[in-house]
Each structure stands twice: as structure tokens, then as C-alpha cells.
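Report on one structure; see the data block that follows.
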Amino acid sequence: MLKFINKNRYSYPNLSLKLYFCMKIINIMRKVVLLTCFLVFIACKEGKKEIENKGEAKIAYASFGEKINDDDVISKEEMAKRFQKLKSGDTIAVKFASKIKEVCKTKGCWMKLDLGDEKESMIRFTDYGFFMPLDADNKEVIVDGRAYITEISVEELQHFAKDAGKTEEEIAEITNPEFTYAFEADGVLMKK
């Protein structure tokens, strides 16, 4: 039946006008269905991108000291390895992430960060230019600054113990200086 259709628009020798319009409507409907399928496919693809982008959401941080970012951050384990390679007098610029073990309970002027394997780093802030919240224990942080090895005198250790809220008996037990993994932070990011 279709072989008799002449491509000339006005010449239909064996087809009625009704059949011609039906065929035109079918062709139009076919195009609409194909276009709809194409649009649905594109919309689904865009929806997938939105879901993927939601998975890469930025982490919210509270910032202290200089403005820093969370790029090029090393882990606490990598930082512990770098501390072990340092000698007294060496200093390295570094940015690392860890969890706060303890914060000065007097005014937040120092904190201790976990380095894993029962090790910790004593963090002080450049020129006492900023302080951490007193309730920041166990918060995740990123610190940016300089790492070095230092000897902490008995007097300083006793001062830190007093700031941490230790008892007089615990403070009196401190009789030897300690070599510590020290860090002077220019800026800190703390997860909210």
C-alpha cells in the first residue's frame, strides 16, 4: 500500500485524503515520542551529576588565626614520621590534620594533638595571636605552621599541667624536662 505513495504532496493516486493525514499524524507522533525520550535521557543524566556533586560537599570549618585552607594536608601518621626525622634545631613548614587531645582550660592558648601510637604534638599559636575554644577537646582540626623538636622545662610542664586543671599532687610529680614534638601554628581550621 505504501509503494503507491507519491512523494509529491498533491498527488495521491490510490490513497484517500484521510489516510494521508493519518500517516502525517503518525509521523508527527513518532517525532514527539523520540524527542520526549531524548529529553528524559538528558534530564536523567543532569540529575545524576547533581547527586554526584552533593557527595563532594565542602566541609564546614571554624577558622582561627591566619586564613588557611584544607589543601595539601598530611595525616597525623605522616606527621609523626616527619617529627621522628627531625633533630633539635630543625624546623619544617607543614600542614596536618589530627584530633585535639587536650586544650588549655584557662584561655585556650595551647593544645595537644594526637599523632597516633600514644604520641602527641604540643601546639602553640604564633605570638599568642589567637586562642582555641576551651571546649574543643576531641574536635578534628587542621593546623598550618612550623614543626620542630623542643625541650620543655620542668617549670613549663608544671604550668601546662596547671592550665590543664591537674591537681597539685600531679603537678608536684613533674620533675624532669621532656623532649616534645612542638608546633607553632599560624592558622587552625576546626570542623564544625
Legend entry - Residue count, segment 150-174 (criterion: more than 15 Å from Trp110 (Cβ to Cβ) and either within 26 Å of the chain's Cα centre (by Cα) or surrounded by 17 or more Cβ atoms within 10 Å (Cβ to Cβ) (or both)): 1
Inset, instruction - Examine segment 76-99 for a residue that is without any contact (Cβ under 8 Å) to a residue 40 or more places away in the chain, at positive phi and polar (S, T, N, Q), and state whether such a residue exists. - result: no
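Among Ser121, Ser88, which is the only one that is small (Gly, Ala, Ser), over 21 Å from the mean Cα position of the chain (by Cα), in the same structural domain as Thr150 (by TED's automatic domain parsing) and closer than 23 Å to Glu66 by Cα?
Ser121
Going by what's in this entry, would Gly108 be described as more than 22 Å from the chain's Cα centre (by Cα), at positive phi and among the small types (Gly, Ala, Ser)? Give the derivation first.
Working: more than 22 Å from the chain's Cα centre (by Cα): yes; at positive phi: yes; among the small types (Gly, Ala, Ser): yes.
It is true that Gly108 is more than 22 Å from the chain's Cα centre (by Cα), at positive phi and among the small types (Gly, Ala, Ser).
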Inset, instruction - Check off (1) of a type in the set (A, V, I, L, M, F, W, C); (2) touching a residue at least 60 places away in the same chain (Cβ under 8 Å); (3) under 20 Å from Arg82 (Cβ atoms) for Phe131 and give me the number that stays unchecked. - result: (3)
Inset, instruction - Would you confirm whether any residue within segment 100-109 is at pLDDT below 95, closer than 20 Å to Lys67 by Cα, surrounded by 14 or more Cβ atoms within 10 Å (Cβ to Cβ) and not polar (S, T, N, Q)? - result: yes
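The values are calculated or read from the model by the stated rules, or taken from the named source; none is laboratory data. What you see is a predicted model; the values in this text were computed from it and never measured. All Cβ positions, glycine included, derive from the backbone under ideal geometry; neighbour counts span all protein chains shown.
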